[in-house]
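Student: The structure under discussion is supplied below as structure tokens; questions concerning it will follow.
The values are calculated or read from the model by the stated rules, or taken from the named source; none is laboratory data. Computed from a predicted model, the values in this text were never measured in an experiment. Here Cβ is always computed from backbone atoms with ideal geometry, including for glycine, and neighbour counts include all displayed protein chains. The area values use the complete protein model at the heavy-atom level, side chains included, leaving out ligands, DNA and RNA. Shrake-Rupley method; radii C 1.70, N 1.55, O 1.52, S 1.80 Å.
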Amino acid sequence: MNDKMNEKKSGSRGNTAIKLISRVIRYMLHYYKYLFLLVIVCILINAVTTVIGATFPQTLVDDYIIPMLASGSRDFSGLAADLVRLACIMGIGVIAAFAYNRIMVNVSQGTMLHLRDDLFRRMEALPIKYFDTHVHGDIMSVYTNDVDTLRQLLSQSIPQIINSVITMAATLVTMIVLNPALTVISILTAVVMLLVTSNFSKLSGRYYIRQQIDLGAVDGFIEEMLDGQKVVKVFCHEEAAMKDFHEVNERLRNSTNKANRYANLLMPINANIGWISYALVAIVGAILGINGLAGVTIGTVVTFVGLNKSFTNPITQVSQQINFVVNAAAGAQRVFDLMDQEPEVDDGYVELVNAKEDENGNLTESPVRTDLWAWKHPHKAEGTVTYRKLEGGVVLDDVDFGYTDDKIVLHNISLYAEPGQKIAFVGATGAGKTTITNLINRFYDIADGKIRYDGININKIKKPDLRRSLGMVLQDTHLFTGTVMDNIRYGKLDAADEECIEAAKLANADGFIRRLPDGYNTMLTGDGANLSQGQRQLLAIARAAVADPPALILDEATSSIDTRTEKLVQAGMDALMKGRTTFVIAHRLSTVKNSDCIMVMEQGRIIERGTHDDLIAARGKYYQLYTGNFAD
């Protein structure tokens, strides 16, 4: 029973591998169909010249050597002419071999270029949920290790296999024409070699997939340790980290060892079977030739021995390439798993457009950039289009949400934020504060209820347009490799230098920026490792400021700033929030005292709401959080 189940699994894996490799080839042909046809033509030419070279010994022995020995003639003119022709033919074969290998380098590297581009394009279209549930180092491994296995497949394995198959076919036809009896020996040994190759490939194939998964795990672990080196050293966790790394590294060694155990045996076994075939052909051919049977001559035997090697060598070469093919199939599975991920769904049709307003207050779309933005709302039923000014009003109406269907984390959330109001969320970690902001910008979609933005259901708004209207400053800042100016301009890619500088001044970041070695042109690398955490946070605030959105989400925006810096930036933050709808998540309750409304959350529910004074007077949860008095 177990043997049958294992056989079925092996067959399934084999079919999957064939489908994956076929998909890689189709992908390549999509971009390089004609170049690949040229490669096949060059391979055909090379195979034909190889067979011609392999049959020349018969001509040499039967037409020149034996007659010369019998007659004592020393006339080599005919032989010289044949040798010149053979040299020309073999020269053509060398040129064809060089051409197809050189072309395949361009084809393989070009295919890798398109593949990485398409992978990155698909990654950029994936929802945030995908990145929240997958190790980033493992995703990186797809771009590097897994894609690289396909480079080996395209540049070497595929052309080698095609060349071997064509050479075998041409050699087989030549052997049958030359002597069918001796051909049977070569065919029988070739069948044995193919059976060995098939069985060993199944044995190694199951471990190549495990190897690629374990390789991704190693990459993910290393990335995690690099990001957390300070924590590792603070808690003296080096030895434990080394032990954990050894475990994941040992799993990779084990799976790689098992994959290569069978793969490395395959070529020597086939090579030895080939030598057995070589010896059998030589012995049987000599017997037939000595006895004058089956029309076998000495030249036939000499030539057939060479043809036998030309027939069995490709199988040995294919068996060597099979290892790369199986490994590439494992890599291709991970590549296409990422490629086939469902992109973020966007059914929105309401767009954010530049608008202009006439003296009667009517809005129309403007073809040029203006300081006025409006929602362009097509009404399909009426066949009309209306425009509504972008103001930043947000309403949540009885919203429920869960990251999984079986666990709801937000319950009956209702609130409204008029344009320009400041709404604060406070509560213990895990109460659901950040989750609400993730729903407003549609990083996740709600399970029940409605969220309206300027009176429009956010499901109707195109996600890029919705997010363009929202500025965000997160607790964990991320700075990109580039200048300080580039990182501020990330909030508005067409912003002039003057706009970026004004945004920096608004965030009180201008002072420290000008003290940097090259001011605004200072290069930042390693996520801004050459800046303090507070300085990085100020740049993130400046980035939001230059975007000039009508609504802001500040998720612990000042949590990484010391008290002194907080006082400096608070004025800038107030200026940034002025006239904008702002959602603030804060643990420092002193930063939300001036909010228009404070929402106190606990276990996914709003348990209190009101102004600071109202909530203090109520002496409830907010009062306890603010005063630290949990006795009441």
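Student: Within the stretch 355-401, restricting attention to residues that are farther than 19 Å from Thr582 by Cα and aromatic (Phe, Trp, Tyr), which residue is nearest to the chain's Cα centre (by Cα)?
Tutor: Only one residue tops the list, namely Phe401.
Student: Report yes if some residue within the stretch 124-135 is in contact with a Lys or Arg (Cβ under 8 Å, 6 or more places away or on another chain) and in contact (Cβ under 8 Å) with a residue 24 or more places away in the chain; otherwise report no.
Tutor: no
Student: If I filter the stretch 133-143 for residues that are assigned to a helix (DSSP H, G or I) and more than 12 Å from the chain's Cα centre (by Cα), do I get at least one hit?
Tutor: No: the stretch 133-143 contains no residue that is assigned to a helix (DSSP H, G or I) and more than 12 Å from the chain's Cα centre (by Cα).
Student: Hey, does the stretch 27-36 have a residue that's modelled with pLDDT under 70, out of contact with any Lys or Arg (no Cβ under 7 Å at 6 or more places or on another chain) and not hydroxyl-bearing (Ser, Thr, Tyr)?
Tutor: Applying the first criterion (modelled with pLDDT under 70) to the stretch 27-36 yields none.
No.
Student: Looking at the stretch 518-544, which of its residues are modelled with pLDDT under 90, open to solvent by 40 Å² or more (accessible area, probe 1.4 Å) and in a loop (DSSP other than H, G, I, E, B)?
Tutor: Thr525, Gly526, Asp527, Ala529, Asn530, Ser532
Student: Still on this structure: For the stretch 347-393, give me every one of the strands (runs of 3 or more DSSP E) that falls completely inside it and has 1 or more residues that are of a type in the set (Phe, Trp, Tyr) and without any contact (Cβ under 8 Å) to a residue 60 or more places away in the chain.
Tutor: Fully inside the stretch 347-393 and qualifying: 384-389.
Student: Are any of the residues in the stretch 425-434 farther than 20 Å from Ile128 by Cβ, at pLDDT 85 or above, open to solvent by 20 Å² or more (accessible area, probe 1.4 Å) and not aliphatic (A, V, I, L, M)?
Tutor: No, the stretch 425-434 has no match at all.
Student: Also, quick follow-up: With (1) open to solvent by 30 Å² or more (accessible area, probe 1.4 Å); (2) closer than 30 Å to Thr386 by Cβ; (3) without any contact (Cβ under 8 Å) to a residue 40 or more places away in the chain as the list, and Arg468 as the residue in question, which single condition is left unmet?
Tutor: With (1) open to solvent by 30 Å² or more (accessible area, probe 1.4 Å); (2) closer than 30 Å to Thr386 by Cβ; (3) without any contact (Cβ under 8 Å) to a residue 40 or more places away in the chain applied to Arg468, the lone miss is (3).
Student: Scan the stretch 379-402 for residues that are in contact with an Asp or Glu (Cβ under 9 Å, 6 or more places away or on another chain) and surrounded by 14 or more Cβ atoms within 10 Å (Cβ to Cβ) and report the count.
Tutor: The total comes to 11.
Student: Another question, then. Considering (1) in contact with a strand residue (DSSP E or B) (Cβ under 6 Å, 6 or more places away or on another chain); (2) modelled with pLDDT of 85 or more, say which one Asp555 fails and leave the rest.
Tutor: Only one criterion in (1) in contact with a strand residue (DSSP E or B) (Cβ under 6 Å, 6 or more places away or on another chain); (2) modelled with pLDDT of 85 or more is unmet by Asp555, namely (2).
Student: Applying the selection to the stretch 375-403, what residues are charged (D, E, K, R) and in contact with a Lys or Arg (Cβ under 9 Å, 6 or more places away or on another chain)?
Tutor: Passing the criteria: Lys376, Arg388, Asp397, Asp398.
Student: Can I ask one more? In this structure, is Ile440 of a type outside the set (Ser, Thr, Tyr) and under 26 Å from Lys376 (Cα atoms)?
Tutor: Yes; evaluated as a whole, the condition is true for this residue.
Student: Among the strands (runs of 3 or more DSSP E) lying completely within the stretch 419-495, list those that include at least 1 residues that are within 26 Å of the chain's Cα centre (by Cα).
Tutor: The strands (runs of 3 or more DSSP E) meeting that bar number zero.
Student: Would you please name the residue that is modelled with the highest pLDDT, looking only at residues in the stretch 52-97 that are open to solvent by 70 Å² or more (accessible area, probe 1.4 Å) and part of a loop (DSSP other than H, G, I, E, B)?
Tutor: The selected residue is Arg74.
Student: Residues Glu344, Glu357: which one is out of contact with any Asp or Glu (no Cβ under 6 Å at 6 or more places or on another chain), surrounded by 14 or more Cβ atoms within 10 Å (Cβ to Cβ) and within 26 Å of Tyr130 (Cα to Cα)? Quick ask: steps written out before the conclusion?
Tutor: Values: Glu357 fails: within 26 Å of Tyr130 (Cα to Cα).
On inspection, the qualifying residue turns out to be Glu344.
Student: Within the stretch 591-632, how many residues turn out to be small (Gly, Ala, Ser), in contact with a helix residue (DSSP H, G or I) (Cβ under 9 Å, 6 or more places away or on another chain) and surrounded by fewer than 19 Cβ atoms within 10 Å (Cβ to Cβ)?
Tutor: Qualifying residue count, the stretch 591-632: 3.
Student: Quick one: would you say Val385 is in contact with a Pro (Cβ under 6 Å, 6 or more places away or on another chain) and either among the hydrophobic types (A, V, I, L, M, F, W, C) or farther than 28 Å from Asp548 by Cβ (or both)?
Tutor: Judged against the criteria, Val385 is a match.
Student: State which residue is farthest from Asp347 (Cα to Cα) when the search covers only the stretch 125-170 and only residues that are acidic (Asp, Glu) and crowded, with 17+ Cβ neighbours inside 10 Å. It would help to see each step written out before you state the result.
Tutor: Kept after step one, since they are acidic (Asp, Glu), are these residues of the stretch 125-170: 132, 138, 146, 148.
If we keep only those that are crowded, with 17+ Cβ neighbours inside 10 Å as well, we get 138, 146.
Numbers: Asp138: 30, Asp146: 33 Å.
The extreme case among them is Asp146.
Student: Filter the stretch 568-581 down to the residues that are at pLDDT below 70 and exposed (fewer than 15 other Cβ atoms within 10 Å of the Cβ) and list them by number.
Tutor: Across the stretch 568-581, the qualifying residue is only Ala571.
Student: Now a separate question. Hey, can you tell me all the residues within the stretch 360-378 that are loosely packed, with under 11 Cβ neighbours inside 10 Å and not acidic (Asp, Glu)?
Tutor: Matches in the stretch 360-378: Asn360, Gly361, Asn362, Pro367, Val368, Arg369.
Student: Quick check, is Asp117 in a helix (DSSP H, G or I) and closer than 25 Å to Met225 by Cβ?
Tutor: Judged against the criteria, Asp117 is not a match.
Student: Another one. Looking for whichever is touching a residue at least 60 places away in the same chain (Cβ under 8 Å), assigned to a helix (DSSP H, G or I), under 26 Å from Thr303 (Cα atoms) and in contact with a helix residue (DSSP H, G or I) (Cβ under 6 Å, 6 or more places away or on another chain) here; the options are Ile103, Ile162. Which one fits?
Tutor: Ile162
Student: Here's a follow-up. Tell me the residue from Asp476, Asp405 that is loosely packed, with under 15 Cβ neighbours inside 10 Å and over 19 Å from Gly604 (Cα atoms), please.
Tutor: It is Asp476.
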